[in-house]
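A.B. asks: The structure's right below; bear with me while I get my questions together.
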């Protein structure tokens, strides 16, 4: 399709379509790992007449407003990166999460909404208007989302030994959920379970936006537009984190999903 400014923008850029078809062609989704039940610690036998020292027991998570960080009891199809166990992920496990994310309903729906917003703003303007232009914008959005997941969830997370999963809280309060969701943009766990700077999560969308300059219209291939899209990526991630926080709560009453404590890494909040 030849546009007024002389740029040629196909319905689906061949590079966009090739990238998305490559994602869809990857077989075998990740199987959810079922959490194991926690054992009950044994108490040593003591004489009935001997006085017993008072032992302090660690606080146990309850159904109050104070939550604990843990993992869900079953894998989420909508948000595949919600943790289902406290164990470290191998590089293969991170790759499986990337595959599941690329074809998850949340990514498809998010790409449709993002394309609709860009359609309303006529961004990029070279794409034009109409259903064909909307389809092109959906393709752009899906390619960017998939490459963000590829770089952030798999490549950089494997190289830097960081855990790309989201560990939700139980019974999150609204203000606490907003704070925690924002924190997890810049903080993540490493493979040892310690909180570290989320370099993989921040580098992923940056690399994806740099790659997108190879298939987006020329008007988008500037540093300013790339950083604007990068900021938008982080804003969408913040919104997604809030959904992930409340996702187990939505299904808890139906006994489909709940947050289990993460042994050794369940600080009270």
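A.B. asks: Would you mind stating whether residue 210 is touching a residue at least 12 places away in the same chain (Cβ under 8 Å), more than 23 Å from residue 96 (Cα to Cα) and under 14 Å from the mean Cα position of the chain (by Cα)?
C.D. replies: So residue 210 fails the test.
A.B. asks: Does residue 149 fit the bill of being buried (at least 23 other Cβ atoms within 10 Å of the Cβ) and assigned to a helix (DSSP H, G or I)?
C.D. replies: When the stated conditions are applied, residue 149 passes them.
A.B. asks: For region 104-146, what are the residues that are under 19 Å from the mean Cα position of the chain (by Cα), buried (at least 23 other Cβ atoms within 10 Å of the Cβ) and modelled with pLDDT under 90?
C.D. replies: If the condition is that a residue be under 19 Å from the mean Cα position of the chain (by Cα), buried (at least 23 other Cβ atoms within 10 Å of the Cβ) and modelled with pLDDT under 90, then 107 is the only one that fits.
A.B. asks: Continuing with the same structure: Among the residues of region 223-237, is there at least one that is buried (at least 17 other Cβ atoms within 10 Å of the Cβ) and in contact with a strand residue (DSSP E or B) (Cβ under 8 Å, 6 or more places away or on another chain)?
C.D. replies: no
A.B. asks: Okay, next question. Tell me, which helices (runs of 4 or more DSSP H) wholly within region 161-269 include 1 or more residues that are modelled with pLDDT of 90 or more and within 19 Å of residue 74 (Cα to Cα)?
C.D. replies: Answer list for region 161-269: 223-252.
A.B. asks: Go through 118, 122 for me and flag whichever is farther than 14 Å from residue 237 by Cα and without any contact (Cβ under 8 Å) to a residue 12 or more places away in the chain.
C.D. replies: 122
A.B. asks: I need a count of the residues in region 76-103 that are touching a helix residue (DSSP H, G or I) at 6+ places or on another chain (Cβ under 8 Å), surrounded by fewer than 20 Cβ atoms within 10 Å (Cβ to Cβ) and in a helix (DSSP H, G or I).
C.D. replies: Number of matching residues: 2.
The values are calculated or read from the model by the stated rules, or taken from the named source; none is laboratory data. Predicted model, so just to flag it, every value in this text is computed and none were measured. Please note: Cβ atoms are built from the backbone with ideal geometry, for glycine as well, and neighbour counts cover all protein chains shown.
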